[in-house]
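The block underneath contains the structure these notes are about, expressed in structure tokens.
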Amino acid sequence: DDGYRLWLKYDLIKDVAKREEYARSFQFIAVSNQSPILMNAAQELQVGLQGLLGKSVPIITDLGKKTGGVYLNEHQGFSNHIKYGDEGYMMSKSGNIFILANKGVGVLYGTFALLRHIQTGQLLTKLPYNSIPKIRYRLLNHWDNTNGTIERGYAGGTLWKWYELPATVDPRYHDYARANASIGINGTVVNNVNASARFLTDEYIQKVAALANVFRDYGIRVYLSVYFPAPKTIGGLKTADPLDPDVRKWWTDKTKEIYKAIPDFGGFLVKANSEGEPGPQDYGRTHADGANMLAEALAPYDGIVMWRAFVYKADPKADRFKAAHEEFTPLDGKFDKKVIVQVKNGPIDFQPREPFSPLFGNMPKTPLSMEFQITQEYTGFATHWVYEAPIFKECLESDTYINGKGSTVASVIDGSLHKYTMTAIAGVANTGSDRNWTGNPMAQANWYAYGRLAWDHTLSSEAIANEWVKMTLTSEPKAVKTITDLMLKSREIYVDYNTPIGLSRPWSGVHFAPEPWQEKSARPDWTAIYYHRADSIGLGFDRTATGSDALAQYRPEVQKQWNNPETCPLPYLLWFHHVPWTKKLSSGRTLWNELCTRFYTGADSVKWMQQQWAQVKPAIDPEIFADVTGRLATQHTEAIWWRDSWILYLQTYSKQPIPAPFQKPDRTLDDVKRLSEIYKLR
Ligand code: BDP
């Protein structure tokens, strides 16, 4: 098994009795019409049932009075239909299995849900099963470039073969669409937020249109990241000032051109005045001016602007944590109704653990969307096994207390708290041209989990892991349990050897090799010492009133949880406090001993992961088993590298011995420093 089929595996169900029982309910697949999207649903079901039941089930176009099959019914006007919207579906069983939805895409989602039901071995008597997505725009963001590379991609090059498009359309685009539709993703931004203006040339619009033609009948719309000064770069104008009439006209004309090629184009994603990318501030204008100009260009169409709030100025005295809140909250209420402000889950940058961004809830008049990172830029690339659903859930379930208790981040982004109807979520994709899509086979689960949570954020990390394992790896109960358990623990293990107790950003430039000693970089806030603030007294970033006071950006109830170092939960401690080395923590250990305990047990836990994985061997395809076994071995070596780097470096400040029973590293600080230097060589 090369992993190409992802969770859409459809291998024959081994239990004959079960197979026969299912087969009785699948004697035909009837469709209410033959639209491309409904036919895709019917064919998907046909292919799935062929595999799972070993039976060829005919597709018919007239249900008549027949029973014993499935009826895929696109039908507007059923009772309660309004609440199901464009994408929700109802499923029931009486004589036939009925999948009913207002639109074909709802039927498609219901069909994948039915297949999942069978793939995870559930009884058909457990239907009905109705579902409505909680968030309207559920997107992947690809950070893909024209030259075929992916920024922060660890699974090969881009999936989009730009040189061949639009004339040659790789069949893989179709499989990409199927996989996404199966988990409810309905949009894809095909290019990097650090965008090339080329994507707005006619040449590239035609290429993107060819992708859109494949994705459309799986309910997926394409979006583009735009380079803000494009009117200058490719339009020949002298300015890109968003208030300049010629610039506005350029965008209006460009948008018209795009819609001519892609009638269901989704809209624009913008990174502006961020990490050196140009933007409206270059002309003395605001983010709102820039976003509203694009909204105006999109006004005649059903497209949106996703304007990113990932901003921070290169000011060594400022706390980067506070930047987005400071720049964006004054703009609340100033954005056009077609604009969503896209906010990363945490205030810094996709760290293995961050507190939720204080922007959530603090812009009640502006729809905010969530940006998660699926690709493992800060969680060990393609070697470390980190199941990310717990990262996503932790943020979504955080309580902002904006409108009192229960004002969770999820209730902000699903629109229920501030009554937004325009709601969105984005995941920075981890897909690439590797045969198995994600490099590490276990990282497929992160793509899967993101999609499932985008559809329904109330699902638990465990439930998602469980279904993914059954669909992708094995249905053998003991192995399912072991792997699910490994997945659920994997993120905490990574945090323990990488950035425990609220440490963050200890990497060198490529965001992989440990470099907590890093003092110099192109910007002060791109060094490691900026974040951990180790000194002879202690460790951590004081963000209370005696420090940067970033905590003041949260509601008093949230501040209360975090602003007292005695009661601040350990996972967040060093995010908000500079703690003395010898300070006794709630765990009963001193800070230094707690750090050592985390680094050592974290690295040791990877050994445990290896042992657990070894036990599931009989239940797993040999190719996938060997692949993961290899990656875990590398992870173990690297976890020790992380541990040694941190410990040896911090020890120069703490001046404390490594507590028993832990053995001191068998290398020196210079040794690990040299390793990191070598890692950075080209
Ligand atoms: C950082 C990445 C960088 C991205 C940036 C962003 O290192 O490659 O361009 O985020 O999200 O984490 O804009």
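Values quoted throughout were computed directly from the atomic coordinates according to the rules given, and no laboratory measurement underlies them. These figures come from a predicted structure and were not determined experimentally. Glycine also receives a Cβ, built like all others from the backbone with ideal geometry; neighbour counts cover every protein chain displayed.
So how much slack lies between V47 and E275, counting 0.36 nm per residue of separation and subtracting their Cα-Cα distance, in nm?
Numbers: separation 228, 0.36 × 228 = 82.08 nm, distance 4.64 nm.
Length gained, V47 through E275: 77.4 nm.
A straight chain from K14 to A318 at 0.36 nm per residue would run longer than the Cα-Cα distance by 103.3 nm. DSSP assigns beta bridges within segment 137-472; of those with both partners inside it, close to 10 percent run antiparallel.
Arrange the peptides 449-459, 368-378 so that the one whose residues have, on average, the most other Cβ atoms within 10 Å appears first.
Working: 449-459: 22.1, 368-378: 25.8.
Result, highest mean first: 368-378, 449-459.
Segment 70-104 and segment 484-525 have Cα centres lying 47 Å from one another.
Length gain on complete extension for the stretch K520 to A167, per 0.36 nm per residue less the alpha carbon to alpha carbon distance? Working shown, then result.
Working: separation 353, 0.36 × 353 = 127.08 nm, distance 4.73 nm.
Additional length available on full extension: 122.4 nm.
The HN-Hα couplings worked out from phi for segment 142-154 by the Karplus form 6.51 cos²θ - 1.76 cosθ + 1.60 (θ = phi - 60°) are 9, 9, 9, 10, 5, 7, x, 8, 10, 5, 6, x, 10 Hz, whole numbers, x standing for Gly and Pro. Distances between placed amide hydrogens fall under 5 Å for N33 paired with E74, all partners being 5 or more residues away or on another chain. Can you tell me the FRET efficiency between A299 and S92 if r is taken as the Cβ-Cβ distance and R0 is 45 Å, rounded to the nearest 0.05? Calculated value: 0.65. Between N403 and F28, the distance separating the two model label sites (each 7 Å from Cα on the Cα→Cβ line) works out to 4.9 nm. Here the Karplus curve 6.51 cos²θ - 1.76 cosθ + 1.60, taken at θ = phi - 60°, turns the phi angles of segment 554-569 into couplings of 9, 5, x, 5, 6, 4, 4, 5, 10, 8, 10, x, 6, 10, 4, x Hz, with x standing for Gly and Pro. DSSP bridge analysis restricted to segment 16-126 gives an antiparallel fraction near 35%, rounded to the nearest 5.
Take peptides 669-681, 187-199, 473-485, 505-517 and line them up by average Cβ neighbours within 10 Å, highest first, as a rough protection proxy.
Working: 669-681: 13.7, 187-199: 22.3, 473-485: 18.1, 505-517: 20.2.
In decreasing order of mean packing, 669-681, 187-199, 473-485, 505-517 become 187-199, 505-517, 473-485, 669-681.
Taking a point 7 Å out from the Cα of R589 in the direction of its Cβ, the residues of segment 510-543 whose backbone N falls within less than 18 Å of it are 538-540. For segment 637-655, the residues whose amide N sits under 19 Å from a probe point set 7 Å from the Cα of R533 along the beta carbon direction are 650-651, 653-654. Across segment 124-141, coupling constants 3J(HN,Hα) worked out from phi with the 6.51/-1.76/1.60 Karplus curve, θ = phi - 60°, read 6, 5, 7, 6, x, 8, 10, 8, 9, x, 7, 10, 7, 9, 10, 10, 9, 10 Hz, and Gly and Pro carry x.
How large is the charge dipole for the chain, taken about the Cα centre, if only the Cβ atoms of Lys, Arg (+1) and Asp, Glu (-1) carry charge, to the nearest 20 debye?
On the way: 77 positive and 73 negative charges, 170 e Å.
I would put it at about 820 debye.
Remark on D542: its backbone amide H falls under 5 Å from those of H578, a criterion applied only to residues 5 or more positions apart or on other chains, H modelled at 1.01 Å from N.
Computed from point charges on the beta carbon alone (+1 for Lys and Arg, -1 for Asp and Glu), the dipole magnitude for segment 95-216 about its Cα centre is near 540 Debye.
Put simply, the amide H of Y137, placed in the peptide plane, has neighbours under 5 Å in T423, A424, I425, leaving out anything fewer than 5 places away on its chain.
Within the chain, what percent of beta bridges assigned by DSSP are antiparallel, to the nearest 5?
Details: 13 of 55 bridges.
In the chain, approximately 25 percent of DSSP beta bridges are antiparallel ones.
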